[in-house]
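To keep things clear, I will list the structure first and then write my remarks on it.
The values are calculated or read from the model by the stated rules, or taken from the named source; none is laboratory data. Everything quoted here is computed from the prediction, not taken from an experiment. A quick note on method: Cβ atoms are made from the backbone with ideal geometry, for glycine too, and the neighbour counts reach across all protein chains shown. Remember, those area values only see protein heavy atoms, side chains included, never the ligands or the DNA or RNA. Shrake-Rupley method; radii C 1.70, N 1.55, O 1.52, S 1.80 Å.
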Amino acid sequence: MTVTVLLFASYADTLGKSQLELDLTSGATVSEVLGHVRAMPGAERLPPAPLVAVNERYARRDQVLIAGDEVAIIPPVAGG
């Protein structure tokens, strides 16, 4: 199954793209998506605990995905 991953801020800057398509096995979770992204070159410099949304709703790491889902990875933001 294919899911779309949206990257923002430091994630997009570090990985050089704002969107990617991942082919995953049926029953894959949000955690697996994060693992794929963290395995990309340069991703070790990214913040370790981003917020994640699936289809524009915040999601837990154990949420099971289905084909066509849109997973947004939102890095932590600092206020001031």
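The figures follow:
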quantity: Inter-residue pairs, beta-carbon under 9 Å, first on the phi > 0 side of the Ramachandran plot and in segment 34-52, second of a type outside the set (Ser, Thr, Tyr) and open to solvent by less than 70 Å² (accessible area, probe 1.4 Å), 6+ apart; calculated: GLY42/LEU15; GLY42/GLY16
quantity: Given (1) in a loop (DSSP other than H, G, I, E, B); (2) surrounded by 14 or more Cβ atoms within 10 Å (Cβ to Cβ), number of the condition VAL5 does not satisfy; calculated: (1)
quantity: Residues being surrounded by 13 or more Cβ atoms within 10 Å (Cβ to Cβ) and either modelled with pLDDT under 95 or under 13 Å from LEU6 (Cβ atoms) (or both) - total across segment 62-80; calculated: 7
quantity: Qualifying residue in segment 24-36 (condition: touching a strand residue (DSSP E or B) at 6+ places or on another chain (Cβ under 7 Å) and among the hydroxyl-bearing types (Ser, Thr, Tyr)); calculated: yes
quantity: Segment 9-32, residues that are closer than 13 Å to ILE74 by Cβ, at pLDDT 95 or above and open to solvent by less than 40 Å² (accessible area, probe 1.4 Å); calculated: VAL30
quantity: Within segment 33-60, tally of residues that are in a loop (DSSP other than H, G, I, E, B) and either of a type in the set (Phe, Trp, Tyr) or open to solvent by 40 Å² or more (accessible area, probe 1.4 Å) (or both); calculated: 8
